[in-house]
Amino acid sequence: MPDDLKTGDMNKDWGMKVNTPFHVISNLPAGRYLDVPVGRNMVIKTRNGFSSQEWYFHQQSRTIRNMKHKTWSWDIQNHGTSSNMQAYNTNSRWF
């Protein structure tokens, strides 16, 4: 996959637009938003307009990152052996 995609270009393999902010909204009745309010644990909260509820696809690392903490990407705690989702420092490229 070429790394020369620019902001707004569609990465067809991943089905995501590069560097374009989006929200993850729960299908639960309240329609809450995925957020990283305090610390690194992800929670679903009422929409508040904060950048901690905005995410984007980072083409170079093939990760989903947070708009407030731009070096944090989605991570499953304990190297994937947990059911807890967190935002953590992106420390490598996608393989």
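A compact table of results
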quantity	calculated
Every pair of residues 6+ apart whose Cβ atoms lie under 6 Å, when the first sits in the stretch 62-80 and is closer than 14 Å to His23 by Cα and among the charged types (D, E, K, R) while the second is assigned to a strand (DSSP E or B) and at pLDDT 95 or above	Arg65/Tyr56
Top-ranked residue of the stretch 9-63 - restricted to ones that are of a type in the set (S, T, N, Q) and under 17 Å from Asn89 (Cβ atoms), ranked as farthest from the chain's Cα centre (by Cα)	Gln60
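The values are calculated or read from the model by the stated rules, or taken from the named source; none is laboratory data. It should be emphasised that the depicted structure is a prediction, and the values quoted were computed from it without experimental measurement. Ideal geometry is used to build each Cβ from the backbone, glycine not excepted, and the neighbour counts take in all protein chains shown.
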